[in-house]
Amino acid sequence: MHLLYIEASPRGPRSVSSAVTTAFLQAYRQACPELTVDTLNVWEENLPDFDQEAIGAKYKGISKEPMNPAEAAVWEKIRELAARIRRADRIVLGVPMWNFAYPYKLKQLIDLVCQRNMLFTYDGTEYGPLLKTPRAFVVYARGGTYAEDSPTPASRFDHQKGYIDFWLKFIGVQEVQRLVVEGTTWPEKEKREESIARGLEEARKLAADF
Ligand SMILES: Cc1cc2nc3c(=O)[nH]c(=O)nc-3n(C[C@H](O)[C@H](O)[C@H](O)COP(=O)(O)O)c2cc1C
């Protein structure tokens, strides 16, 4: 079993999404001892910018024109990153909430790898997925809380979960399991700790059947 762990927090040992995904991975390793894990930290990976070279490479690939050396180099890195996603039997993601959405480095990874004929197909009319990954597990960490009867109801303020869930399904992940850990930063200390402890416990439980 080969698992890709995409870590989207830059906070290392202080990160709640990383702590909860790590608890999940430790428990999953017990359930699945032959597990191999490829960790892709979007902050440490030196992701290339999706700049003129990357866009040039993308369109030259479609029109089958020769790429210049800079375009070929960035395209090779894109192919390597996409191959890491395709290779995974399971995907685990740790996602912090930033400005009611997710960190730009995670979107940078998605913009790089989400290429036609790498992760999806398009025949001029319809999109199709290229992955056959049975399951992904996503931890969504949030400093605040988003109950519907609060001043920040999820129905208006949550722009974190929808796109990431959509994207995983779009590329072919069959089942997306998620765990939302709210109130990691702003509520009083006791409530924060309680919420994180609940997240860790729930993650360990969910790992048994992944
Ligand atoms: C740049 C930035 C923006 C943030 N924006 C939000 C936000 O819009 N809503 C929220 O609830 N928390 C927000 N937070 C708090 C984080 O969601 C919270 O600290 C969470 O635990 C981050 O995940 P991590 O601990 O894995 O890094 C923000 C934090 C940072 C650094």
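What the table shows:
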read-out	value
Residues of region 147-185 satisfying the condition of being free of Cβ contacts under 8 Å to residues at least 12 places away in the same chain, within 14 Å of the ligand (Cβ to nearest atom) and surrounded by fewer than 17 Cβ atoms within 10 Å (Cβ to Cβ)	A147, S150, P151, T152, P153, R156
Which listed residue, of Q115, Q177, Q108, is over 21 Å from F50 (Cα atoms) and not acidic (D, E)	Q177
Qualifying residue in region 69-80 (condition: buried (at least 20 other Cβ atoms within 10 Å of the Cβ) and part of a loop (DSSP other than H, G, I, E, B))	no
Some residue of region 144-159 being at pLDDT 95 or above, in contact with a Leu (Cβ under 6 Å, 6 or more places away or on another chain) and either among the hydrophobic types (A, V, I, L, M, F, W, C) or assigned to a strand (DSSP E or B) (or both)	no
Enumeration of residues in region 186-203 that are surrounded by fewer than 16 Cβ atoms within 10 Å (Cβ to Cβ) and touching a residue at least 40 places away in the same chain (Cβ under 8 Å)	W186
Residues of region 13-41 satisfying the condition of being over 17 Å from the mean Cα position of the chain (by Cα), among the aliphatic types (A, V, I, L, M) and not in a helix (DSSP H, G or I)	L35
Positions within region 1-12 being within 14 Å of the chain's Cα centre (by Cα) and under 17 Å from K105 (Cβ atoms), in sequence order	L4, Y5, I6, E7, A8, S9, P10
Condition check for A31: small (G, A, S), under 15 Å from A207 (Cβ atoms) and away from the ligand (no atom under 14 Å from the Cβ)	yes
Count of region 42-60 residues which are assigned to a helix (DSSP H, G or I) and in contact (Cβ under 8 Å) with a residue 24 or more places away in the chain	2
Residues that are surrounded by 17 or more Cβ atoms within 10 Å (Cβ to Cβ) and in a loop (DSSP other than H, G, I, E, B), drawn from region 115-143	Q115, M118, L119, L131, T133, R142
Test: residue in region 87-110 that is away from the ligand (no atom under 16 Å from the Cβ) and over 25 Å from V180 (Cα atoms)	yes
Test result for R142, charged (D, E, K, R) and within 11 Å of the ligand (Cβ to nearest atom)	yes
Residue match in region 5-21 (condition: surrounded by 13 or more Cβ atoms within 10 Å (Cβ to Cβ), of a type in the set (K, R) and within 17 Å of A207 (Cα to Cα))	no
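The values are calculated or read from the model by the stated rules, or taken from the named source; none is laboratory data. Just so it is clear, the model here is predicted, and its values are computed rather than measured. Neighbour counts run over all protein chains shown; Cβ positions are idealised from the backbone, glycine included.
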